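*Asks:* What follows is a single structure, and I will ask about it in a moment.
No lab work stands behind these numbers, since they all come straight from the coordinates. Just so you know, these numbers come straight off a predicted model, no measurement behind them. Methodologically, a virtual Cβ is constructed for each residue, glycine included, from the backbone with ideal geometry; neighbour enumeration extends over all protein chains shown.
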Amino acid sequence: MLIRTRRGWEIPERLVVPEELVMSRRRLLKGAGALALAGAVAACDNSNETQNSAAPARQTAESDPTASLYPFKHNAAYTVDRAITPESIVASYNNYYEFGVEKDDPVHNAGRLPIRPWEISFEGMVEKPFKTDFDTLIKAMPLEERVYRHRCVEAWSFVAPWSGFAMKALMDYAKPVSGAKYVVMKSWLNTDVAPAQNMVWVPWPYTEGLTLEEANNELAFMVTGAYAKPLPKQNGAPLRLVTPWKYGFKSTKGIPRFIFTDERPKTYWMALGPDEYGFWANVNPAVPHPRWSQSSEEVLGTGERVPTQLYNGYGAQVASLYSNLKDERLYM
Ligand code: MTE
């Protein structure tokens, strides 16, 4: 039996895929060098194996027509009271399960993802569904740089300077109709570059969603770059979401589809572990994950453990979004 022993923070037994499937898929993945299969559906491997401080391979687009747009103008309204985490750590300690389950799999494997051309579609409850190209879209957006905290549900955190544009600008561009309540972000599907996506029991593509009220909140940010350069592929190039008051799994990477709907979407982690992951996923130190505490976090690269803050320290901007939703599972 090749399924590795499950550690305390990994998925419950009932979510482990049947051995038969594991074995056949494992062979498939082996060819692509991605092996840690049984954990491929685990959100939460918080082992500290790879806080690699070596310079990361920069997995950016082969030829990036947006490179000359950087650096974007820094917006001083969005800074934090912690040191910025070294770029080498943020670009090499990643979660991107399409490319494997270990923290250093994405930096090694994401280079395979073709990101030019990158078509983006706006679908569902919009005035008129349409498609555009990433390089066209970015030129139509109000570009800026913001420094945000990032808090993973696995109880580690970092601080990064993200380049991008307010998600509200994208919502205005998409023109949802008045009955639309949610925006769903679907990542890409490409089994040639991500053999893990052959695992049919995993709900690919990676899917997340926000209410339109959340998407229009000033903090919701569409990210195209980091550290004043185009985003490395392992961090979600060419386009990802960042919602700093929520656990990091809400921040879909590599987005080609925005779908507007009036139904709350079933997201990737909700589908995999409904007892552990919910739709809202707001950071709250007082509400433990069913298998570990959320009261503190390890700040990557420092060896420090610091107390976690409600809404990751962004309560002033977002608490009002949830004042009428007290009966919902807002913090998982
Ligand atoms: N997006 C996709 N498409 N696939 C993923 O596996 N992982 C999420 C999120 N977005 C993920 C994703 C999780 S669990 C986290 S914590 C963040 O990406 C990690 O972002 P980072 O690697 O840039 O720090």
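*Asks:* With the requirement that a residue be touching a residue at least 24 places away in the same chain (Cβ under 8 Å), out of contact with any Leu (no Cβ under 7 Å at 6 or more places or on another chain) and assigned to a loop (DSSP other than H, G, I, E, B), what does the range 171-188 give you?
*Replies:* 175, 177, 179, 187, 188
*Asks:* Does residue 214 satisfy the criteria of being in a helix (DSSP H, G or I) and either within 29 Å of residue 159 (Cα to Cα) or touching a Cys at 6+ places or on another chain (Cβ under 8 Å) (or both)?
*Replies:* Here the answer is yes, as residue 214 does meet what is asked.
*Asks:* A further question on this structure: Filter the range 197-208 for residues that are crowded, with 23+ Cβ neighbours inside 10 Å and assigned to a strand (DSSP E or B) and give the result.
*Replies:* Correct list: 208 only.
*Asks:* Before we move on, is residue 229 of a type outside the set (S, T, N, Q) and within 11 Å of the ligand (Cβ to nearest atom)?
*Replies:* Spelling it out, it is not the case that residue 229 is of a type outside the set (S, T, N, Q) and within 11 Å of the ligand (Cβ to nearest atom).
*Asks:* Yes or no: the range 246-256 includes at least one residue that is more than 10 Å from the ligand (Cβ to nearest atom) and among the hydrophobic types (A, V, I, L, M, F, W, C).
*Replies:* No, that holds for no residue.
*Asks:* Check the range 144-156 and report whether any residue there is more than 15 Å from the ligand (Cβ to nearest atom) and over 29 Å from residue 287 (Cα atoms).
*Replies:* yes
*Asks:* Quick check on my filter: what residues within the range 181-196 are surrounded by fewer than 20 Cβ atoms within 10 Å (Cβ to Cβ) and either touching a strand residue (DSSP E or B) at 6+ places or on another chain (Cβ under 7 Å) or charged (D, E, K, R) (or both)?
*Replies:* 181, 192
*Asks:* Sticking with this one: Quick one: count up the residues across the range 79-137 that are in contact with a Pro (Cβ under 7 Å, 6 or more places away or on another chain), under 30 Å from residue 260 (Cβ atoms), within 16 Å of the ligand (Cβ to nearest atom) and not in a loop (DSSP other than H, G, I, E, B).
*Replies:* Qualifying residue count, the range 79-137: 3.
*Asks:* Taking the criterion of being of a type outside the set (S, T, N, Q), buried (at least 17 other Cβ atoms within 10 Å of the Cβ) and on the phi > 0 side of the Ramachandran plot, would at least one residue in the range 129-151 satisfy it?
*Replies:* Looking for residues that are of a type outside the set (S, T, N, Q), buried (at least 17 other Cβ atoms within 10 Å of the Cβ) and on the phi > 0 side of the Ramachandran plot, one finds none in the range 129-151, hence no.
*Asks:* Looking at the range 222-271, which of its residues are surrounded by fewer than 24 Cβ atoms within 10 Å (Cβ to Cβ) and at positive phi?
*Replies:* Result: 227, 228.
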